[in-house]
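Undergrad: Just passing along the structure, written as structure tokens.
The values are calculated or read from the model by the stated rules, or taken from the named source; none is laboratory data. Computed from a prediction, not measured in an experiment: that's the story for all the values here. Ligands, DNA and RNA are stripped out before the accessible areas are found, and what is left, the full protein with its side chains, is counted by its heavy atoms. Shrake-Rupley method; radii C 1.70, N 1.55, O 1.52, S 1.80 Å.
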Amino acid sequence: GGAVSVKYGPSSIVTNGTRSDGIFASSVGGFGGNAGSCDVAICGGSGGGNSAIGGEVSVYTEAGASITVNGKFSKGIRAASLGGFGGNGGDSYFSAGYASNGGSAGDGGQVSVTNNGAITTKGINGDAIFAQSVGGGGGDGGDTGISLFSLGGGGSHSAGRCVVYSLR
């Protein structure tokens, strides 16, 4: 995913309703493609595609900014970077062949939130600021049916990055 930057203020945001966030900033890495399968006499399945990383996400509110959220599960500021998931490996059936590996996952990017304003939450399970960086999961290895051997394995998982809060 690409970089996301939000600069807000000085003015007011008011939301009403369940899951109605004041500011929502998110970057999501692309997912790896699934590999093709093979079901002829001698072949091997192709590997799953690797995914992309989640981009850096930055939210900055100026002095005098005001965010009020009035719904259940609503966030004043929601900032997230999510790594993509690896594609699944190809299958190999009825052959002297092998299944293939799943693709690697992408890391989540750095997330930073600097709040110089006021945030009010009035619904149950609401948060003033919710920030996260989450790495994606690796793709599954391919399956083998009636084959002489099997080699496919799962793709590697990844990590989230630093989450930074700055409240003034």
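Undergrad: With a 1.4 Å probe and every protein chain kept in, tell me what percent of the accessible surface of the stretch 66-141 is carbon plus sulfur. Intermediate values should be presented prior to the final figure.
TA: Values: 1170 of 2560 Å².
Within the stretch 66-141, the accessible surface is 46 percent carbon and sulfur.
Undergrad: Find how many whole Å separate the alpha carbon centroid of the stretch 8-22 from the alpha carbon centroid of the stretch 53-124.
TA: For the stretch 53-124 versus the stretch 8-22, the Cα centre distance is 20 Å.
Undergrad: Kirkwood hydrodynamic radius, computed over distinct alpha-carbon pairs, for the stretch 51-93: how many Å, to one decimal? Please list the in-between numbers first.
TA: Values: mean 1/r = 0.0686 Å⁻¹.
Mean inverse Cα-Cα distance, inverted, gives 14.6 Å.
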